[in-house]
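> To start, I am sharing the structure in question, which I have written as structure tokens.
The values are calculated or read from the model by the stated rules, or taken from the named source; none is laboratory data. Keep in mind it's a predicted model, so treat the numbers as computed, not measured. For neighbour counting, all protein chains shown are included, and Cβ atoms are generated from backbone atoms with ideal geometry for every residue, glycine included.
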Amino acid sequence: MVALYQRVYDEIRAAIERGDYPVDHRLPSDAELTEIHGVSTITVKKALDLLRNDGFITRRPRVGTTVISDVATAAPHTLTHPLVGLVVTNFDDTFGTRILGGLLDRANASANLLVKRSLGDASAEDKLIRSLVEGGVRALILQPSSSIYVPPAVLELLPKDFPVVILDRVFDAVPISTVCSDNVAAGQQATEYLFSLGHEQIGLVSSDSTVSTLRDRRDGYIKAHAMHHIPHDEAKVFDLVHSTTPGSTATPAEDVDHLTAYLRAHPELTAVVATEYNIAALLRDAAARLGRGIPHDLSVVCFDHPDAFYDSAQYRFTHIRQDQEGMGAAAVDLVLELIRDPHAVRKITLPTELVVGQSTRPARDRD
């Protein structure tokens, strides 16, 4: 079966080649074309994007769509290389850069990516999504700034069967494709490793970000306590680290002050699960202020770690490694499935791996 936008493309192209829409004349508006062809606005936009790519038309805001040629002046479009919009909050060598690598490597032979960064600003994120759709992308991969609500622009796209894949987040009540790590299992794995070393007084330190990733790691931490019949003490959870959240104006020095106060208030802690690598680095500074060394006085397990291929002397935290490259590749696969079949909604959860570094030791080895 020919896709709707392909049929509309063929019909408008034929009309241009016949002279029904002469060169230098405007096409009917998108709304009028929607009525003429009996399809949705999204379908019309897809068809017009293909016509623009093939050199038949030009599209300008507030001016409209103008025919510029009655023959193709560009290479024929290929349905196997759609333009896909990608919006991420941020990325660095700890988390994100390898996801981008996975996205780009998988897209090399199948899609063209247009990358935008929101820095965790929900308003900017919504504008970026709308600009990408208006600019002609055929699908969207999104790492949302929050898991509390779905961006309004995405809610508008879903009823129109516009392909959207959510990256590194989970919206349980929304029928939308997602790809992320199994963060509950990862949080449990990190905590249980510390239990296996004999630690029983284990804290949890997280940022104040409202994303499902951190919520799930916290749930895993609590689940590990239950599995080991060790009471969970909410007082040992500190979730007010600010500087690691994209777009935050807080400074690392301010967070070190807060973490120092947290550790001072909980001298019983022998280990901590940090939900991010950068938080683990801040914890090390805070512990040093109190004369506590890692791992001699405090064992730390974190999530993700920057690669150090050429720096063997770099301090390595024990950490949970996510398959970031796999996440990126899976997101491209999902979005291409949705382009072919808008109802092929799937949720992919990838396993994680514990990598033992220098930041943990058995509790009994403490002097």
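> I'd like the residue in the range 1-39 that is over 39 Å from the mean Cα position of the chain (by Cα) and at positive phi and, out of all such residues, is modelled with the lowest pLDDT. So that I can check it myself, show each step before the final result.
To start, the set of residues in the range 1-39 that are over 39 Å from the mean Cα position of the chain (by Cα) comprises 14-26.
If we keep only those that are at positive phi as well, we get 19, 24.
On the way: GLY19: 93, ASP24: 89.
Once the filter is applied, the top-ranked residue is ASP24.
> Sort out which residues of the range 135-156 are touching a residue at least 40 places away in the same chain (Cβ under 8 Å) and farther than 23 Å from LEU100 by Cα, and write them in order of number.
If the condition is that a residue be touching a residue at least 40 places away in the same chain (Cβ under 8 Å) and farther than 23 Å from LEU100 by Cα, then ILE148 is the only one that fits.
> Return only the number of the condition from (1) crowded, with 21+ Cβ neighbours inside 10 Å; (2) under 17 Å from the mean Cα position of the chain (by Cα); (3) not charged (D, E, K, R) that VAL115 does not satisfy.
(1)
> Within the range 131-151, can you find the residues that are more than 17 Å from the chain's Cα centre (by Cα) and either in the same structural domain as VAL39 (by TED's automatic domain parsing) or assigned to a helix (DSSP H, G or I) (or both)?
Filtering the range 131-151 down to residues more than 17 Å from the chain's Cα centre (by Cα) leaves 131, 133-138.
Once the filter is applied, which keeps residues that are more than 17 Å from the chain's Cα centre (by Cα) and either in the same structural domain as VAL39 (by TED's automatic domain parsing) or assigned to a helix (DSSP H, G or I) (or both), the range 131-151 yields SER131, VAL133, GLU134.
> Any residue at all in the range 210-227 that's assigned to a loop (DSSP other than H, G, I, E, B), surrounded by fewer than 17 Cβ atoms within 10 Å (Cβ to Cβ) and in contact with an Asp or Glu (Cβ under 6 Å, 6 or more places away or on another chain)? Please lay out each step first, then the result.
To start, the set of residues in the range 210-227 that are assigned to a loop (DSSP other than H, G, I, E, B) comprises 210-211.
Narrowing the set further to residues that are surrounded by fewer than 17 Cβ atoms within 10 Å (Cβ to Cβ) leaves 210.
Now drop any that are not in contact with an Asp or Glu (Cβ under 6 Å, 6 or more places away or on another chain), which leaves none.
Within the range 210-227, not a single residue is assigned to a loop (DSSP other than H, G, I, E, B), surrounded by fewer than 17 Cβ atoms within 10 Å (Cβ to Cβ) and in contact with an Asp or Glu (Cβ under 6 Å, 6 or more places away or on another chain).
> Taking the stated definitions as given, is SER123 among the hydroxyl-bearing types (Ser, Thr, Tyr), more than 16 Å from the chain's Cα centre (by Cα) and more than 25 Å from ASP30 (Cβ to Cβ)?
Working: among the hydroxyl-bearing types (Ser, Thr, Tyr): yes; more than 16 Å from the chain's Cα centre (by Cα): yes; more than 25 Å from ASP30 (Cβ to Cβ): yes.
Judged against the criteria, SER123 is a match.
> Moving to a separate point now. Anything in the range 186-207 that is closer than 17 Å to TYR277 by Cβ and either under 20 Å from the mean Cα position of the chain (by Cα) or of a type in the set (Asp, Glu) (or both)? List them, or say none.
Hits for the range 186-207 are ALA186, GLY187, SER206, SER207.
> Exactly one condition in (1) in contact (Cβ under 8 Å) with a residue 40 or more places away in the chain; (2) closer than 25 Å to LEU100 by Cβ; (3) outside any loop (DSSP other than H, G, I, E, B) is false for LEU259; which is it?
So the condition that LEU259 fails would be (2).
> Does ALA124 fit the bill of being buried (at least 16 other Cβ atoms within 10 Å of the Cβ) and without any contact (Cβ under 8 Å) to a residue 12 or more places away in the chain?
Working: buried (at least 16 other Cβ atoms within 10 Å of the Cβ): yes; without any contact (Cβ under 8 Å) to a residue 12 or more places away in the chain: yes.
So ALA124 fits the description; yes.
> Suppose the filter is touching a residue at least 40 places away in the same chain (Cβ under 8 Å) and surrounded by fewer than 22 Cβ atoms within 10 Å (Cβ to Cβ); does PRO175 pass it? Working first, answer last.
Values: touching a residue at least 40 places away in the same chain (Cβ under 8 Å): yes; surrounded by fewer than 22 Cβ atoms within 10 Å (Cβ to Cβ): yes.
Criteria met by PRO175.
> Within the range 262-281, does at least one residue satisfy the condition of being farther than 19 Å from GLY187 by Cβ, modelled with pLDDT of 95 or more, among the basic types (Lys, Arg) and surrounded by fewer than 22 Cβ atoms within 10 Å (Cβ to Cβ)?
yes
> Looking only at the range 152-185, which residues are over 16 Å from the mean Cα position of the chain (by Cα) and part of a loop (DSSP other than H, G, I, E, B)? Show your work before the answer.
Narrowing the range 152-185 to residues over 16 Å from the mean Cα position of the chain (by Cα): 152-153, 155-162, 173-175, 184-185.
Answer for the range 152-185, where residues must be over 16 Å from the mean Cα position of the chain (by Cα) and part of a loop (DSSP other than H, G, I, E, B): ASP161, PHE162, ALA173, VAL174, PRO175.
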